[in-house]
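S.K.: Pasting a structure here, questions to come.
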Amino acid sequence: MSDTFKAIMVSRDEEKNQSVGVENLTVDDLMEGDVVVSVGATTVNYKDGLAITGKSPVVRRWPMIPGIDFAGTVETSENPRWKSGDKVILNGWGVGEVHYGAYAGKARVNGDWLIGLPNGMKPTDAMAIGTAGYTAMLSVLALEKAGVTPSSGPIIVTGASGGVGSVAVSLLSKLGYHVIASTGRVSEEAYLKDLGAAEIIDRAELSEPGRPLGKERWAGGIDSVGSTTLANVLAQTQLRGAVAACGLAQGMDLPTTVAPFILRGVSLLGIDSVMAPIALREEAWQRLSVDLDGAKLASIATQIGFDDIIQTAHDILEGKVRGRVVVDMTA
Ligand code: NDP
């Protein structure tokens, strides 16, 4: 138990200047929890980029080990749900924000935050999906529960070449939806078509302020961008359609009117992955293990090592990361 492992630590000085470094820790240095997990794989999400660079106040307890999600193997457990050797996944719950997170060889967490790794899924597969992919699945589930089916009409995915977007495009196309992918990277057209996008549109079409209601172009949407883009997506959603809002890559504002809601009965579905209940998490991960094509997941994911995490955190905020990044912590 006294073995040391590497951990990325973000700290703040008295002037609130943020710095990031790598430290050697032991399990005794970790925060409280009833399960110790050997971290097999993790990933770099947009939110991790914000935490490491300090660009947004993701970290709310200092110092902090960032990393909002991991998959790994239970080492020790005082929680009745888990025993040594169990394979588990963690997404969210404030891990990497207020509780020491995934960018360390080991994590000590509340066992009630964990779910089992679906049968046949490796930790690196789970983290190729990561919180971004699990959020894409939560968004698909929300559309399904709102009654949006493949026969309802096309579905727009914004931020399509990002992590949430890439997994959303793959899932929706495998489920038989006609997917319109909105991207600022038209150079990624072939990548998005390989994932199953039927049409590609330039995100510039949606990023400027538009009319309260426009031509009805889609039955629903998965939006990881927010701001004017989400307002335009809502304005162009057909009668009784639904849009899942899960991100803010363009901005946190939402300059819309009530017109789509009261004149077209459009529903805006809020997606929160961090505090989602365990039953919904299990449903999402179970569906991911069935509905996400393995070959497509491989084409979405790029593998990096622990030493590349900090640079990748900067890259993801600059829009330089395509798809998903998986960190194999055993390499
Ligand atoms: P990525 O950085 O991988 O993807 C975001 C994509 O958004 C980019 O690839 C880009 O796609 C597009 N984009 C970036 N900047 C802009 C801009 N200024 N205007 C329009 N589009 C832009 O991030 P993730 O996929 O990991 O996360 C996406 C969003 O979802 C983030 O805001 C994140 O915080 C949020 N999120 C929310 C969760 C929740 O629980 N609700 C959970 C996980 C993520 P392209 O180049 O194709 O245009």
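Read-outs throughout are calculated quantities, based only on the coordinates presented, and are distinct from any laboratory measurement. In this text, all values refer to a predicted model and were calculated from it rather than measured experimentally. Cβ placement follows ideal geometry from the backbone for every residue including glycine, while neighbour counts extend to all protein chains displayed.
S.K.: So which DSSP H runs in the chain come out at 27 Å plus along the axis (Cα) with average Kyte-Doolittle of at least -0.5?
M.R.: In the chain, the long hydrophobic H runs are 123-145.
S.K.: Mind checking which of 73, 30, 141 is farthest towards the positive end of the chain's charge dipole, using Cβ charges of +1 (Lys, Arg) and -1 (Asp, Glu) about the Cα centre?
M.R.: Working it through, the farthest residue towards the positive pole turns out to be 141.
S.K.: In a shell of Cβ-Cβ distance under 12 Å around residue 175, excluding residue 175 itself, what net charge do Lys and Arg (+1) and Asp and Glu (-1) give? Please list the in-between numbers first.
M.R.: On the way: positive: 174, 287; negative: 144, 291, 293.
Local net charge: -1.
S.K.: If each of residue 202 and residue 330 carries a label point 7 Å out from its Cα toward its Cβ, how far apart are those two points in nm?
M.R.: My value for the distance between the label points is 4.6 nm.
S.K.: Using the beta-carbon distance between residue 13 and residue 318 and R0 = 22 Å, what value does 1/(1 + (r/R0)^6) give for FRET efficiency, to the nearest 0.05? Don't skip to the answer; put the middle values down first.
M.R.: Working: r = 25 Å, r/R0 = 1.15.
Using R0 = 22 Å, I get an efficiency of 0.30.
S.K.: Given a cut-off of 28 Å, name the pairs among 47/122; 215/320; 145/215; 6/174 whose C-alpha atoms lie farther apart than that in the structure shown.
M.R.: In this structure, 215/320; 6/174 exceed 28 Å between Cα atoms.
S.K.: While we're here: Report, in debye and to the nearest 20, how large the dipole of the chain comes out about its Cα centre when Lys and Arg carry +1 and Asp and Glu carry -1 on their Cβ.
M.R.: Values: 29 positive and 38 negative charges, 194 e Å.
Dipole of the chain, to the nearest 20 debye: 920 debye.
S.K.: Checking the cross-link filter: which aspartates and glutamates have an alpha carbon closer than 12 Å to that of residue 296, excluding same-chain neighbours under 8 positions apart?
M.R.: Filter leaves 125, 194.
S.K.: For a quick check: with amide H placed at 1.01 Å from N, whose amide H comes under 5 Å from residue 76's, ignoring anything fewer than 5 positions away on the same chain?
M.R.: 36
S.K.: What list of ³J(HN,Hα) values in whole Hz, one per residue of region 8-19 in order, does the Karplus curve 6.51 cos²θ - 1.76 cosθ + 1.60 (θ = phi - 60°) give from phi, with Gly and Pro shown as x?
M.R.: 7, 10, 9, 9, 10, 8, 5, 8, 6, 7, 8, 9
S.K.: Pop out the ³J(HN,Hα) list for region 105-117 in order, Karplus 6.51 cos²θ - 1.76 cosθ + 1.60 with θ = phi - 60°, rounded to Hz; leave Gly and Pro as x.
M.R.: In residue order, the calculated couplings are x, 9, 9, 10, 9, 6, x, 6, 8, 8, 10, x, 5 Hz.
S.K.: If you don't mind, another one. Stretch residue 239-residue 275 to full length: gain in nm at 0.36 nm per residue minus the Cα-Cα span? Intermediate values should be presented prior to the final figure.
M.R.: Details: separation 36, 0.36 × 36 = 12.96 nm, distance 3.08 nm.
This chain segment gains 9.9 nm when fully extended.
S.K.: Follow-up question, since we're still on this one. Taking neighbour Cβ counts within 10 Å as the exposure measure, how do 274, 37 sort from fewest upward? Show your work: numbers first, answer last.
M.R.: Details: 274 14, 37 27.
The order, fewest Cβ neighbours first, is 274, 37.
S.K.: Just want the ordering: 261, 306, from fewest to most Cβ atoms lying within 10 Å of their own Cβ. Write out the running numbers ahead of the final one.
M.R.: Values: 261 13, 306 20.
Arranged by neighbour count, lowest to highest, 261, 306 become 261, 306.
S.K.: Tell me, in nm to one decimal, what length is gained between residue 259 and residue 84 on full extension, where the rule is 0.36 nm per residue of separation less the Cα-Cα distance? Could the numbers behind the result be given before it?
M.R.: Values: separation 175, 0.36 × 175 = 63.00 nm, distance 5.42 nm.
Gain in length upon complete extension: 57.6 nm.
S.K.: Also, quick follow-up: Amide H of residue 301 versus every other amide H placed in the peptide plane: which residues, excluding those fewer than 5 positions away on the same chain, fall under 5 Å?
M.R.: Correct list: 324.
S.K.: Also, quick follow-up: Assuming R0 = 35 Å, what is the FRET efficiency of residue 308 and residue 144, from their Cβ-Cβ distance, to the nearest 0.05?
M.R.: On the way: r = 36 Å, r/R0 = 1.03.
Rounded to the nearest 0.05, the efficiency is 0.45.
S.K.: Something else now. When the Cα atoms of region 130-270 are enclosed in a convex hull and the volume is divided per residue, what value in Å³ results? Could the numbers behind the result be given before it?
M.R.: On the way: hull volume 12.5 nm³, N = 141.
With only Cα atoms used, region 130-270 gives 88 Å³ per residue.
S.K.: Another question, if that's okay. Taking neighbour Cβ counts within 10 Å as the exposure measure, how do 178, 314 sort from fewest upward? Intermediate values should be presented prior to the final figure.
M.R.: Numbers: 178 18, 314 15.
Fewest to most other Cβ atoms nearby, the residues stand as 314, 178.
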